[in-house]
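Below is one structure, written out as structure tokens, with a few remarks after it.
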Amino acid sequence: ETIRLVETTDLGAAVPIPQHVPWFPKDVPAWSVRWVMFHMIEGLARHAGQGDIIRESIDGATLYELLAGLEGWPETEWLKPFSPA
């Protein structure tokens, strides 16, 4: 659904900026749809990263250990695939 939406949306279309929101810029009348989508992706990635830090502090697994466990990589002297306790 997201891919279809991005493919069929006019990314240059204007999205009016609400002027009553104090932290929004007053000198810019609108953002482009492209800017809004990029901003949403950036925010999602930032929060996902914060969630990953919390998860890592709980289970101790890093990205590579998780991928190794998920994809069935063999254990090596420097990598032990994650397995839930």
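Any read-out appearing in this document is the output of simple, stated calculations on the displayed coordinates, not a laboratory observation. Just so you know, these numbers come straight off a predicted model, no measurement behind them. Cβ sites come from the backbone with ideal geometry, for glycine too, and all protein chains shown count toward neighbours.
If you stretched the chain out fully between HIS39 and THR76, how much longer would it get, using 0.36 nm times the residue separation minus the C-alpha to C-alpha distance? Please report the intermediate quantities before stating the final value.
Values: separation 37, 0.36 × 37 = 13.32 nm, distance 3.95 nm.
Full-extension gain reported as 9.4 nm.
How large is the charge dipole for the chain, taken about the Cα centre, if only the Cβ atoms of Lys, Arg (+1) and Asp, Glu (-1) carry charge, to the nearest 20 debye? Here the chain has a charge dipole of around 440 debye. With neighbours defined as other Cβ atoms within 10 Å of a residue's Cβ, the residues ASP27, ASP52, ASP10 order from fewest to most as ASP27, ASP10, ASP52.
Of the residues ILE41, ILE53, GLY12, the one whose Cα sits farthest toward the positive end of the charge dipole of region 1-61, with +1 on the Cβ of Lys and Arg and -1 on the Cβ of Asp and Glu, is GLY12.
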